[in-house]
Amino acid sequence: QAPQPPTPWLRHEGALAGLRVLDLSRIMSGPFSTMALADLGADVIKIENGGTGDDTRAWGPPFQDGEAAYFLSVNRNKRSLAVDLKDPECRELVQRLARSADVVVENFRPGTADRLGLGYEEVSAANPGVVYASISGYGQTGPYRQEPGYDAIAQALSGIMSVTGEADGPPVRFGVSGADLAAGMWATIGVLAALRERDRTGAGQWVDVSLLDGQIAWLTYVAGGWFTSGEVPGRYGSAHPTIVPYQAFPTAEGHLMIAVGNDALWRRFAPAVGLDSLTEDPRFATNPDRVRNRDELLPLIEKALSARPAEEWARVLADASVPAGRINTVDQALAHPQVRARGMVTETRHPTAGDVRMVASPLKLSASPPRVRSAPPLHGEHTDGILEAMGVDGTRIAGLRARGAVR
């Protein structure tokens, strides 16, 4: 057999074994998407600038032995190639990687990738089967396409913040980067759909995802309510606009989330908390009745729940088959026995930070489950190995490093 040309790509085990992903993204939305692909077995080469790397390497504290917790949380199972994309030689090397990739993911402002010779038109012309995913603030079209994308701004413009927070308080953003995370998830869905289409046709395509679009999609029943009634939705805190009682309540100790989603649950809930008479009260007989009369009902429930701590009420309501749970702090949630039983906390060994704990993939595949193969990479940890596999000799790599083009 003729000798095979060197390849920088690795084959891992998993549902996406053999899938080659060039990750041009940084911060949260793109890295979250590519981590999901990597967990499932794709080989992800993460391109970082040679100076500081992904912005989130410096986002802290907290740091674990110099490594930012933020970066560590969304970059496992990847290899880091640190190059200066403004350097023509380095840019050509990354273009070569793009020509051999199955998937390219980027979250530059629209037009930036084109100027680097790494936009969809140029990459797909050389690699017609590529699935190319672009994540941006507002998408590749429309009057806002050139505006920079920020999670909090997408939450604000989408209306999500207008329905988040207490009724008598200001709008608030999610406690996590919901717009970034949603866009990353939509991008992953789009990539997998495009790969399935490629299986059928052999052709790749462009997946265009925006933070704003993803948040608009999350409006679901809130938008549906406005379409139907013409009433602009407001804030309900932890409560639900169309289900009562469905919210957090203070107790003798801690807060309890209760989800009485239908009338059968209501008839079990009221006696369980000592409000037996309310099951016969016509003001509260059905969910529409309870929604109309929430201001009368909620104080009665709060008074009843003030008699015991949240943990005790959770057990009482579980015995009555009523959905309820104590509102945990993050440390309590990560230590929850069900979270532990589902393997949602994992650990890997990092070359400088030591043992790093992180949230695991939520996907449970019976035959090819996600795996943590490697820790989040050091900045430029795999530069030499990837370049050597591309056929770049040591002298050339040393020259690139000497002029600061690679790390």
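The values are calculated or read from the model by the stated rules, or taken from the named source; none is laboratory data. Only a predicted model underlies this, so the values are computations on that prediction, with no experimental measurement involved. Note: ideal-geometry Cβ built from the backbone for every residue, glycine included; neighbour counts use all protein chains shown. Keep in mind that these areas ignore ligands, DNA and RNA; they rest on the heavy atoms of the full protein, side chains included. Shrake-Rupley method; radii C 1.70, N 1.55, O 1.52, S 1.80 Å.
Is one or more of the residues making up the range 191-198 within 25 Å of ALA38 (Cβ to Cβ), touching a Leu at 6+ places or on another chain (Cβ under 9 Å) and open to solvent by 40 Å² or more (accessible area, probe 1.4 Å)? Write out each step before concluding.
Applying the first criterion (within 25 Å of ALA38 (Cβ to Cβ)) to the range 191-198 yields 191-198.
In the following step, the residues that additionally are touching a Leu at 6+ places or on another chain (Cβ under 9 Å) were identified as 191-192, 195.
Filter again for open to solvent by 40 Å² or more (accessible area, probe 1.4 Å), leaving 192.
Yes; the residues of the range 191-198 include at least one that is within 25 Å of ALA38 (Cβ to Cβ), touching a Leu at 6+ places or on another chain (Cβ under 9 Å) and open to solvent by 40 Å² or more (accessible area, probe 1.4 Å).
Assuming ALA307 fulfils every condition listed in (1) within 28 Å of PRO171 (Cα to Cα); (2) open to solvent by 20 Å² or more (accessible area, probe 1.4 Å); (3) touching a residue at least 40 places away in the same chain (Cβ under 8 Å); (4) not charged (D, E, K, R) apart from one, which condition is it?
Unmet condition: (1).
How many residues does the range 362-400 hold that are open to solvent by less than 40 Å² (accessible area, probe 1.4 Å) and not polar (S, T, N, Q)?
Residues flagged as open to solvent by less than 40 Å² (accessible area, probe 1.4 Å) and not polar (S, T, N, Q) within the range 362-400 amount to 14.
I need the full set of residues from the range 253-292 which are farther than 24 Å from ARG315 by Cβ and in contact (Cβ under 8 Å) with a residue 40 or more places away in the chain, in order please. It would help to see each step written out before you state the result.
Of the residues in the range 253-292, the ones farther than 24 Å from ARG315 by Cβ are 280-292.
The answer is ASN287, ARG290, VAL291.
Hey, among the residues in the range 220-237 that are among the hydrophobic types (A, V, I, L, M, F, W, C) and under 19 Å from PRO170 (Cα atoms), which one's most open to solvent (accessible area, probe 1.4 Å)?
VAL232
Can you tell which of ILE27, ILE47 is touching a residue at least 60 places away in the same chain (Cβ under 8 Å) and either of a type in the set (D, E, K, R) or out of contact with any Gly (no Cβ under 8 Å at 6 or more places or on another chain) (or both)?
Among ILE27, ILE47, only ILE27 is touching a residue at least 60 places away in the same chain (Cβ under 8 Å) and either of a type in the set (D, E, K, R) or out of contact with any Gly (no Cβ under 8 Å at 6 or more places or on another chain) (or both).
Identify, please: which residue in the range 199-247 is assigned to a helix (DSSP H, G or I), aromatic (Phe, Trp, Tyr) and within 24 Å of the chain's Cα centre (by Cα) and is, among those, nearest to LEU278 (Cα to Cα)?
TYR221
Just the residues that are touching a residue at least 60 places away in the same chain (Cβ under 8 Å), surrounded by 21 or more Cβ atoms within 10 Å (Cβ to Cβ), within 9 Å of SER33 (Cα to Cα) and not polar (S, T, N, Q), please, taken from the range 178-190.
Correct list: ALA183, GLY184, ALA187.
Being open to solvent by 40 Å² or more (accessible area, probe 1.4 Å) and among the aromatic types (Phe, Trp, Tyr) is the filter here; which residues of the range 238-254 pass it?
TYR246
Would you check which residues across the range 255-285 are among the small types (Gly, Ala, Ser) and surrounded by 18 or more Cβ atoms within 10 Å (Cβ to Cβ) and list them?
Within the range 255-285, ALA270, ALA272 meet the criteria.
Looking only at the range 27-38, count every residue that is out of contact with any helix residue (DSSP H, G or I) (no Cβ under 6 Å at 6 or more places or on another chain) and surrounded by fewer than 23 Cβ atoms within 10 Å (Cβ to Cβ) and tell me the total. Don't jump to the end; show me each part of the working.
To start, the set of residues in the range 27-38 that are out of contact with any helix residue (DSSP H, G or I) (no Cβ under 6 Å at 6 or more places or on another chain) comprises 30-31, 34-35, 37-38.
From what's left, surrounded by fewer than 23 Cβ atoms within 10 Å (Cβ to Cβ): none.
Summing the residues that are out of contact with any helix residue (DSSP H, G or I) (no Cβ under 6 Å at 6 or more places or on another chain) and surrounded by fewer than 23 Cβ atoms within 10 Å (Cβ to Cβ) in the range 27-38 gives 0.
Give the number of residues within the range 199-219 that are aliphatic (A, V, I, L, M) and either open to solvent by 50 Å² or more (accessible area, probe 1.4 Å) or under 20 Å from THR242 (Cβ atoms) (or both).
3
So which of SER80, SER100, SER124 ends up being under 20 Å from ALA389 (Cβ atoms), open to solvent by less than 30 Å² (accessible area, probe 1.4 Å) and modelled with pLDDT of 95 or more?
Only one candidate qualifies: SER80.
Examine the range 78-92 for a residue that is in contact (Cβ under 8 Å) with a residue 40 or more places away in the chain and within 26 Å of ALA182 (Cβ to Cβ), and state whether such a residue exists.
To start, the set of residues in the range 78-92 that are in contact (Cβ under 8 Å) with a residue 40 or more places away in the chain comprises 78-84, 87, 89-90.
Imposing the further condition that a residue be within 26 Å of ALA182 (Cβ to Cβ) reduces the set to 78, 80.
Checked the range 78-92: at least one residue is in contact (Cβ under 8 Å) with a residue 40 or more places away in the chain and within 26 Å of ALA182 (Cβ to Cβ).
Could you please let me know if GLY325 is open to solvent by less than 30 Å² (accessible area, probe 1.4 Å), within 30 Å of THR7 (Cβ to Cβ) and touching a Leu at 6+ places or on another chain (Cβ under 9 Å)?
no
Can you tell me how many residues within the range 53-77 are surrounded by fewer than 20 Cβ atoms within 10 Å (Cβ to Cβ), more than 21 Å from GLY404 (Cβ to Cβ) and among the charged types (D, E, K, R)?
1
Name the one entry in GLY169, GLY142, GLY175 that is surrounded by fewer than 22 Cβ atoms within 10 Å (Cβ to Cβ), under 22 Å from the mean Cα position of the chain (by Cα) and part of a loop (DSSP other than H, G, I, E, B).
After applying the criteria, what remains is GLY175.
Quickly run through the range 336-359 and pick out the residues that are farther than 22 Å from ALA68 by Cα and open to solvent by less than 60 Å² (accessible area, probe 1.4 Å). Before the answer, list the steps.
Taking the range 336-359 and keeping what is farther than 22 Å from ALA68 by Cα, we get 336-343.
Answer for the range 336-359, where residues must be farther than 22 Å from ALA68 by Cα and open to solvent by less than 60 Å² (accessible area, probe 1.4 Å): VAL339, GLY343.
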